[in-house]
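Okay, structure first, notes after.
The values are calculated or read from the model by the stated rules, or taken from the named source; none is laboratory data. Predicted model only: the values in this text are computed from it and were never measured. Neighbour counts are summed over all protein chains in view; Cβ atoms, including those assigned to glycine, are modelled from backbone coordinates with ideal geometry. Just the protein is used for accessible areas: all its heavy atoms, side chains included, with ligands, DNA and RNA removed. Shrake-Rupley method; radii C 1.70, N 1.55, O 1.52, S 1.80 Å.
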Amino acid sequence: MKKSSILGIIVIAIAIAVIISTYSTTSTYGSFNDAEQTESELHIVGHLNKGKALYYEPTKDANYFSFYMLDNKGEECKVVFTGTKPQDFERSEQIVLTGQMRGKEFHASKILMKCPSKYTQDKLETTEVTANKQANI
């Protein structure tokens with residue numbers, strides 16, 4: 001075989017490996033029920049259950065925030081976020097969580113909030129918050 005043919009095969013193999021590795025690291029959207037049945041990281045879309053209290057005591061532990069959320073299928077679950085409480089969290093219209101279930105709690109590594117904008121009524125303001133990296137507890 002010619003050197004150019006061998007080089008072409010190597011480039012194609014590298015491209016396939018990159019595509020496969022990118023596809024395998026992406027997470028999917030689901031519900032709390034889906035998160036209970038898998039160990040992989042999921043995105044869950046829902047809204048804050050304003051009927052239940054939020055827990056955030058920065059004097060005791062500034063990196064522990066918990067709340068209850070309803071996903072788009074109406075399932076409720078306690079969510080634990082290892083980071084500070086996002087500003088204007090209660091005003092959020094929609095929440096997108098990235099994380100996984102641990103027991104009966106969903107542990108979020110990222111929170112993306114869609115809040116009503118204070119400047120325009122038709123557009124939504126989006127804020128993303130990332131959790132602190134901690135050792136698995």
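Could you check, for the stretch 57-72, whether at least one of its residues is at pLDDT 90 or above, out of contact with any helix residue (DSSP H, G or I) (no Cβ under 7 Å at 6 or more places or on another chain), among the aromatic types (F, W, Y) and open to solvent by less than 10 Å² (accessible area, probe 1.4 Å)?
Scanning the stretch 57-72, I find at least one residue that is at pLDDT 90 or above, out of contact with any helix residue (DSSP H, G or I) (no Cβ under 7 Å at 6 or more places or on another chain), among the aromatic types (F, W, Y) and open to solvent by less than 10 Å² (accessible area, probe 1.4 Å), so the answer is yes.
Would you check if there is a residue in the stretch 89-105 being crowded, with 19+ Cβ neighbours inside 10 Å, of a type in the set (A, V, I, L, M, F, W, C), closer than 18 Å to Y29 by Cα and without any contact (Cβ under 8 Å) to a residue 40 or more places away in the chain?
Looking for residues that are crowded, with 19+ Cβ neighbours inside 10 Å, of a type in the set (A, V, I, L, M, F, W, C), closer than 18 Å to Y29 by Cα and without any contact (Cβ under 8 Å) to a residue 40 or more places away in the chain, one finds none in the stretch 89-105, hence no.
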